[in-house]
1. Here are 9, 71: which of them is buried (at least 16 other Cβ atoms within 10 Å of the Cβ), in a loop (DSSP other than H, G, I, E, B) and either in contact with a Ser or Thr (Cβ under 6 Å, 6 or more places away or on another chain) or of a type in the set (A, V, I, L, M, F, W, C) (or both)?
2. I'd like the full set of residues that are more than 16 Å from residue 78 (Cβ to Cβ) and either more than 12 Å from the chain's Cα centre (by Cα) or part of a strand (DSSP E or B) (or both), limited to the stretch 12-30.
3. With respect to residue 91, determine if the residue is surrounded by fewer than 18 Cβ atoms within 10 Å (Cβ to Cβ) and of a type in the set (Val, Ile, Thr).
Amino acid sequence: MADNVFNSATMVWKVVEIVTNPALTDLAPGLDSPVVGEIIYIPSAVGNDLVFQDGDASEDAVVLKAGASDASPVHKSFRPQGKTINNLTCTTLSAGTAYVYLM
């Protein structure tokens with residue numbers, strides 16, 4: 001089984017599964033309020049879902065969904081200013097891989 005990883009050199013969080021404690025802060029202590037530059041979601045099948053929440057407020061911060069007829073990558077950019085998400089947490093990942101680029 002693959003693992004979620006955070007690369008502090010590139011500031012990329014690779015999310016491949018939901019785990020017991022899915023917050024970014026579990027992998028990168030000190031990143032309580034990261035600024036997200038963009039997210040690329042590569043779904044495995046049509047209709048796959050990806051949801052990131054503000055873990056402090058338990059509210060959806062980013063929701064991405066694969067198309068109804070194809071599983072093409074889905075891209076969301078918050079550049080140039082970025083989007084601050086407190087206690088960034090992946091709460092839904094139907095299948096596939098998400099790459100979260102932090103600023």
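Any read-out appearing in this document is the output of simple, stated calculations on the displayed coordinates, not a laboratory observation. Quantities reported herein were computed from a predicted structural model and do not represent experimental measurements. We place every Cβ from the backbone using ideal geometry, glycine too, and count neighbours over all the protein chains shown.
1. The unique qualifying residue is 71.
2. 14, 15, 19, 20, 21, 23, 25, 26, 27, 28, 29, 30
3. Against the criterion (surrounded by fewer than 18 Cβ atoms within 10 Å (Cβ to Cβ) and of a type in the set (Val, Ile, Thr)), residue 91 qualifies.
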